[in-house]
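Only one structure is covered here, and it is reproduced in the block below.
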Amino acid sequence: MSAGKILVVDDDPQIRRVMRATLVGHKYEVIEARNGDEALTRIPAEMPDLVLLDLNMPGIGGLETCRHLRSGSDVPIIVLSVRNTEKDKVAALDAGADDYVTKPFGMEELLARIRAALRRAPTSPDNVPHALATSDLQIDFDTRRIRVAGKETRLTPKEFDLLRYLVSQAGKPVPHRELLQAVWGPDYGDEPEYLRVFINQLRKKIEPNPAKPKYILTEPWVGYRFASGGDSPNQ
Amino acid sequence: MPRLSGRRALQLIGALAIVAAIVAFYHRALHVNNTTVALTLLLAILGISSWWGLAEAAVASVAAVLGFNYYFLPPIGTFEIQDPQNWVALAAFLATAVTVSQLSARAKGRTLEAEVRRRETEGLYSLSQTLLLSGSARTASQDLVSRVVKILGVNTAAFYTKSTNETFRWGPENQLVADAQLQADRDEPLIDAQKGFAIVPVRLGGQAIGNLGLAGPLPSAAVLNAVAYLVAIGVERARAMEEAGQAEAARRSEVLKSALLDALAHDFRTPLTSIKAAVTSLLGGERSPADRELMTIINEEADRLNRLVAEVLEMVRVEAGKLHLEKHPSDVTELIRATLAEFRPAILDRPLEVRLQQGLPETEVDSDFIQQVLKQLLDNAVKYSPPHSPLTISARSGEGRVIVSVADRGSGIPEAEQMRVFDKFFRGREHRFRVPGSGMGLAIAKGIVEAHGGRIWVTSEPGQGSVFSFSLPVYRGEMVS
């Protein structure tokens, strides 16, 4: 049984060869696409569990592909790029990527990131709330459904995990590192830009006024805190 | 005394002929009373003065008085006048004829003058139109000179422009304005209406742009000055447009250079990605020690190539002034702590002293870049000092800046080389073949510090060690993003 189906999107054939050889060696099923268009046509038919996406490709670029992909799918996306500035990372995360790896990379690191992306955040029934309800926000953590001001809202798995972790610690400030490791995995912790982007996206989706958040609060120099607005989460 | 022109002579004869014809007609053909004759003659004189001018009218008046007296005032056939009443009539006739001539001639003069002004204004307008449509400064200058000739009706025009020391001419070769006169600095126009020659300074806002020389029938001084002013505006405008075009071209070339750099970075890193991914994938499995050693070498060298690509790119960006700094108020203590958190594992064998002055002001820096500088200085200190020797990092404030220093106990830098360690590709003599490096690290650090408006320097005592320091601007409370 395969460990998961991975779509490798890269215009460089050598990189696709290396990825295929390595990933197949680690029991993953590998499919390939040479550019964004091909990736977008293959995904509905193949339903991969994860996408490894190059940014610098001919045709519609990686960012555009990422946005298209994200608009119709929750599949985890790891962007692989030769660019290494924070601006590039934030742009990719904004476009819907879950993670960003700078080329060239060591294969162990990439494999760890793939494992982290495929794994759901750990859920121990003891401290995880099942539901949360306030006047304008209803979350059912078991069915992963969210209603904001009465309207069904869709979160990506990473956004959902982030929100669930914050709610489980409601009222307490959660440090950046703890939050990153809880949602992305134990190898993470030095990527505060990830949190900035994902918290922003979450606020846009669940806050009545994202500029003045009332649920997800910033704790300067520390991290973030979930304030349930007087309502305590149902345990 | 100027000689009469042929046209003038003809007009004078014509005026006399008209008077003679009227007198002869009334004397021979049609007998009417004297008043009718006198009025007819007055009418003729009025016509002559308005068509031809005052001189013709005056001559006609005198002839008319004589003819009227001789043929119509008794005793007829003589210039004598019997009746004193007729003296009065004759005098009245003469006075009327002369006054009428004068008034009419003056009106005609005004009309002519107005016509000249109208043509001049039209000329200036047409010139200003030309100015707005001309392209580059060179073609504009050439265009202007030919337009000036056409519009002002002069024979030849020349424009000398100071900025490029060029002269643009239009008109027949034999009437050229002399170079020396054209190129001399002058504050006042030189106008010689007799010879039909003028040189007018072309100035804009008190700044001399050049001179405009004209030969041929000249317009008024006011028009000459207006033309010079228009030329100044036209040339300056064309020059400004040309400069704007060059700035745009330079900008595009910069954009192209950046795109080229990005493409280059991508093209180098793509094969490196395959190599590194492949070899680390192999390293992840069970390997014999010999295989593992060889694969490790491949992996390390791929990393080294990648660092070199990064350094070259960074160097080019620093040199092109294309570092995109995102400055924020930053605590230097925090920057040092963050750098050490990353760097400390590599120097666990070194005693490390961190000396931070209390109450350091915040600095206004791009913290990523400044951490890079700190890392570079630490890296250098480690490379150029013996294993296990101590390192010191310190930060203090002074002269409105925060100064960060990294000190080692290495062999130091000979004085002759101290000035050059920040030069691109410079490697110290002693270490050139012993210590790995590209010779770009310190040059990049210098570029980054200077882009922040700071300074980087080294003090060193051979045998005692080196201290590398850099200064950073203090945050003043106004963010420049």
Run down B:Ala320, B:Ala290, B:Ala302, B:Ala310 and say which single residue is at pLDDT 90 or above and either under 23 Å from B:Leu260 (Cα atoms) or among the aromatic types (Phe, Trp, Tyr) (or both). B:Ala302
The one condition B:Ser274 fails out of (1) more than 10 Å from chain A (Cβ to nearest Cβ); (2) free of Cβ contacts under 8 Å to residues at least 40 places away in the same chain is (1)
Options B:Pro189, B:Pro217; residue that is in contact (Cβ under 8 Å) with a residue 60 or more places away in the chain and surrounded by fewer than 20 Cβ atoms within 10 Å (Cβ to Cβ): B:Pro217
Can you pull out the residues in segment B:243-269 that are in contact with a helix residue (DSSP H, G or I) (Cβ under 7 Å, 6 or more places away or on another chain) and modelled with pLDDT of 80 or more? B:Phe268, B:Arg269
Among (1) closer than 26 Å to B:Val318 by Cβ; (2) modelled with pLDDT of 90 or more, B:Gly439 falls short only on (2)
Any residue in segment A:199-208 that is surrounded by fewer than 18 Cβ atoms within 10 Å (Cβ to Cβ), at negative phi and among the hydrophobic types (A, V, I, L, M, F, W, C)? no
Exactly one of B:Ala232, B:Ala240, B:Ala263, B:Ala247 is assigned to a helix (DSSP H, G or I), within 14 Å of chain A (Cβ to nearest Cβ) and free of Cβ contacts under 8 Å to residues at least 40 places away in the same chain, and that residue is B:Ala263
Tell me which residues, restricted to segment B:179-225, are within 22 Å of B:Ser126 (Cα to Cα), touching a Pro at 6+ places or on another chain (Cβ under 9 Å) and not in a strand (DSSP E or B). B:Ala221, B:Leu224, B:Asn225
Where the second residue is modelled with pLDDT of 90 or more and outside any helix (DSSP H, G or I) and the first is within 11 Å of chain A (Cβ to nearest Cβ) and over 14 Å from B:Gly439 (Cα atoms) and lies in segment B:291-319, which pairs have Cβ atoms under 6 Å and are six or more apart or on separate chains? B:Asn306/A:Pro104
Of the numbered conditions (1) in contact with a strand residue (DSSP E or B) (Cβ under 7 Å, 6 or more places away or on another chain); (2) modelled with pLDDT of 90 or more, B:Gln376 fails exactly one; give the number of that condition. (1)
Given the conditions (1) at negative phi; (2) surrounded by fewer than 17 Cβ atoms within 10 Å (Cβ to Cβ); (3) more than 14 Å from chain B (Cβ to nearest Cβ), and given that A:Gly25 satisfies all but one, which numbered condition is not satisfied? (3)
Check segment A:99-107 and report whether any residue there is surrounded by fewer than 16 Cβ atoms within 10 Å (Cβ to Cβ) and more than 14 Å from chain B (Cβ to nearest Cβ). no
Say whether the condition of being in contact with a helix residue (DSSP H, G or I) (Cβ under 8 Å, 6 or more places away or on another chain), over 30 Å from B:Lys276 (Cβ atoms) and either assigned to a loop (DSSP other than H, G, I, E, B) or in the same structural domain as A:His26 (by TED's automatic domain parsing) (or both) is met by at least one residue in segment A:135-145. yes
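The values are calculated or read from the model by the stated rules, or taken from the named source; none is laboratory data. Model, not experiment: these values are computed from the prediction. Backbone-built Cβ (ideal geometry, glycine too); neighbour counts: all protein chains shown.
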